[in-house]
1. Would you call B:E183 more than 22 Å from the chain's Cα centre (by Cα), of a type in the set (D, E) and either at the interface with chain A (Cβ under 9 Å from one of its Cβ atoms) or surrounded by 15 or more Cβ atoms within 10 Å (Cβ to Cβ) (or both)?
2. What residue, of A:I48, A:I37, is in the same structural domain as A:R120 (by TED's automatic domain parsing), β-branched (V, I, T) and within 13 Å of A:I76 (Cβ to Cβ)?
3. Being open to solvent by less than 50 Å² (accessible area, probe 1.4 Å) and within 8 Å of chain B (Cβ to nearest Cβ) is the filter here; which residues of the stretch A:139-149 pass it?
4. Filter the stretch B:171-180 for residues that are touching a residue at least 60 places away in the same chain (Cβ under 8 Å), surrounded by fewer than 23 Cβ atoms within 10 Å (Cβ to Cβ) and assigned to a helix (DSSP H, G or I) and give the result.
5. (1) in a strand (DSSP E or B); (2) out of contact with any Cys (no Cβ under 8 Å at 6 or more places or on another chain); (3) more than 10 Å from chain A (Cβ to nearest Cβ): which one isn't true of B:I158, the others all being true?
6. Can you give me the ranges of the strands (runs of 3 or more DSSP E) entirely in the stretch A:18-91 with at least 1 residues that are open to solvent by 40 Å² or more (accessible area, probe 1.4 Å) and touching a Phe, Trp or Tyr at 6+ places or on another chain (Cβ under 6 Å)?
7. Of all residues in the stretch B:194-222 being away from every other protein chain (no Cβ under 14 Å) and open to solvent by 80 Å² or more (accessible area, probe 1.4 Å), which is modelled with the lowest pLDDT?
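The values are calculated or read from the model by the stated rules, or taken from the named source; none is laboratory data. Computed from a prediction, not measured in an experiment: that's the story for all the values here. Please note: Cβ atoms are built from the backbone with ideal geometry, for glycine as well, and neighbour counts cover all protein chains shown. These area figures cover heavy atoms from the full protein model, side chains too; ligands, DNA and RNA do not enter into them. Shrake-Rupley method; radii C 1.70, N 1.55, O 1.52, S 1.80 Å.
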Amino acid sequence: MCLHFSTTMPLSTQSQAQDEQYVLVASLDNARNLSNILKAISFKDHAIFSATTNGLKVTVEDSKCLQANAFIQAEIFQEFTIREDLVGFQVTLTVLLDCLNIFGGSTAPGVSTALRMCYRGYGYPLTLFLEEGGVVTVCKIKTQEPEEPIDFEFCSSNVTNKVILQSESLKEAFSELDMTSEVLQITMSPSQPYFRLSTFGNSGNAHYDYPKDSDMMELFRCTKTQINRYKMSLLKPTTKALALSCKVSVRIDNRGILSLQYMVRNDDGQICFVEYYCCPDEETDDE
Amino acid sequence: MKFRGKIVDIACLNHFSRVITTISKLTKTCILRLTPDNLFFVLCGKVANGGVSMWCELSQANFFDEYQMEGMNPEDNEICLEVAPENMSRALKTVQNAKVVKVKLTKKHCPCLTIVAELPTLSSVSRVVTHDIPVDVIPRRLWHEFKEPTVPDFDVSIYLPPLKTMKNVVDRMKNLSNFLVIEANLNGEMNLKIETDLVSVTTHFKDLGNPPWGDGASQGSSSSQSRDPEAMAEARVDIRRLQQFLMGQQVNPSKAMCNIVHEKVVHLILLHDDMSLQYFIPAVV
């Protein structure tokens with residue numbers, strides 16, 4: 001395989017001509033701004049990338065019941081050039097993450113890996129140029145045809161209940177949750193208990209209640225009492241995003257589908273979003 | 001056969017302990033050769049250990065305050081033992097703040113390297129910790145297997161980049177592939193490459209410099225003088241062997257270099273004031 005790139009040239013001085021063959025070019029001064037947010041959704045191997053002029057959306061799914069989307073807006077990138085309306089491809093996420101962290105992903109101040117991500121189009125690999133301390137790494141990741149992500153048809157007009165919380169308070173709750181419970185039951189209601197997380201594990205039942213006027217509760221908009229159960233195994237991966245986030249919006253629509261939107265602040269103080277959709281556990285229908 | 005050594009200086013003790021730990025990361029068992037001036041840790045390339053070999057040389061005077069040895073006989077004034085470096089490493093780690101550490105060859109239920117450490121106390125009663133590390137004494141007729149390896153007739157010799165950087169890269173590549181191609185030229189460039197069904201990754205190091213070897217070494221020969229400085233010599237190796245070498249790096253070498261015999265062997269050398277470590281990784285097809 002021949003590299004169409006001279007390794008002696010710094011990333012920034014690549015000629016315009018070389019760039020023109022790519023349908024997508026995205027550069028970051030700090031590759032961690034991408035790798036961190038991708039880590040938050042890395043619970044399955046395949047990641048569907050779709051790029052538009054607005055930025056990059058990366059989707060990961062599990063068993064048609066859970067979907068995670070990471071949004072990295074075009075403004076986050078130092079350069080974001082796209083030559084088609086929509087560029088889509090699928091790659092193996094663990095491979096991409098290993099490539100992005102090839103220099104160790106150091107968090108030490110003043111040390112960062114510069115990234116230039118290029119894609120020529122259908123059938124071509126996703127090419128990454130990474131540079132740290134004068135050392136250049138070139139990665140060519142095979143791309144696959146993108147699968148069609150599931151459309152959960154989640155729209156805000158169908159949302160019955162919504163709260164926005166400081167992530168801090170949910171992190172606390174999740175760290176104390178009884179993980180031996182098969183499900184997490186979420187109760188949202190305009191009256192008591194307002195917002196309740198319940199588990200039914202080996203050591204008994206536990207409830208975690210949030211008063212609606214707590215400092216941690218930024219918004220409380222519940223119109224109807226809803227009790228839904230979600231598989232703990234599906235919710236577990238969402239804690240990766242929770243750990244990175246500063247705020248989280250919890251919404252449930254009239255079909256019981258749960259949407260968790262995490263606001264994530266990156267190393268440079270910019271905001272990105274990670275969103276999870278989760279289907280309710282079927283058994284709840286009997287109750 | 002007699003051997004006893006004494007380390008008093010805490011810096012020497014720590015350094016000795018680091019060297020042993022490094023070796024323990026490279027191999028489960030190795031040969032310890034004791035001569036009047038040096039200690040050698042030797043591993044010969046056997047199929048069982050993936051064909052890697054190691055040669056580590058310590059000058060006794062730089063580590064020991066007292067050092068006495070008496071070999072098998074005056075003509076062969078050496079002692080040759082088989083030892084598990086991890087046992088030595090573990091023993092030395094527990095006595096890191098000792099006032100005095102003595103290492104001696106003893107005959108208990110079996111031949112042992114006995115490490116006796118006098119630990120600091122607040123009272124007048126001294127605390128002594130003794131570790132007996134079983135060893136096998138290697139008979140004279142087998143000594144010839146543990147001779148210093150000759151520097152191979154390499155195609156390219158190059159200084160290594162900072163080992164920490166190299167370790168990060170190799171660790172990630174290990175997640176992606178089982179084999180790695182290491183290639184270098186006489187222009188100070190070295191590349192680490194992997195290629196699998198899913199991904200190809202190449203890390204390019206440049207301006208590393210090529211060590212000047214004397215007349216005796218192979219670079220002085222006519223073949224490499226005429227070598228194109230851009231031409232790469234490469235070897236495909238088991239990535240775990242390279243990772244092991246980088247993982248154990250607790251000694252901060254003053255010089256680290258790599259000799260490549262094209263498609264045959266990678267010869268890694270670490271030089272420190274008072275120790276040198278050579279590590280050979282055979283190329284695989």
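1. no
2. The match here is A:I37.
3. Correct list: A:C139, A:K140, A:I141.
4. B:D171, B:K174, listed by residue number.
5. (2)
6. The qualifying strands (runs of 3 or more DSSP E) are A:55-62, A:66-73.
7. B:S222
One line per residue, one yes/no per condition, for (1) closer than 24 Å to A:T81 by Cα; (2) within 14 Å of chain B (Cβ to nearest Cβ); (3) crowded, with 21+ Cβ neighbours inside 10 Å; (4) among the acidic types (D, E):
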{"site": "A:A108", "(1), (2), (3), (4)": "no, yes, no, no"}
{"site": "A:V111", "(1), (2), (3), (4)": "no, yes, no, no"}
{"site": "A:R120", "(1), (2), (3), (4)": "yes, no, no, no"}
{"site": "A:G134", "(1), (2), (3), (4)": "no, yes, no, no"}
{"site": "A:T137", "(1), (2), (3), (4)": "yes, yes, yes, no"}
{"site": "A:E153", "(1), (2), (3), (4)": "no, no, no, yes"}
{"site": "A:L170", "(1), (2), (3), (4)": "no, no, yes, no"}
{"site": "A:A173", "(1), (2), (3), (4)": "no, no, no, no"}
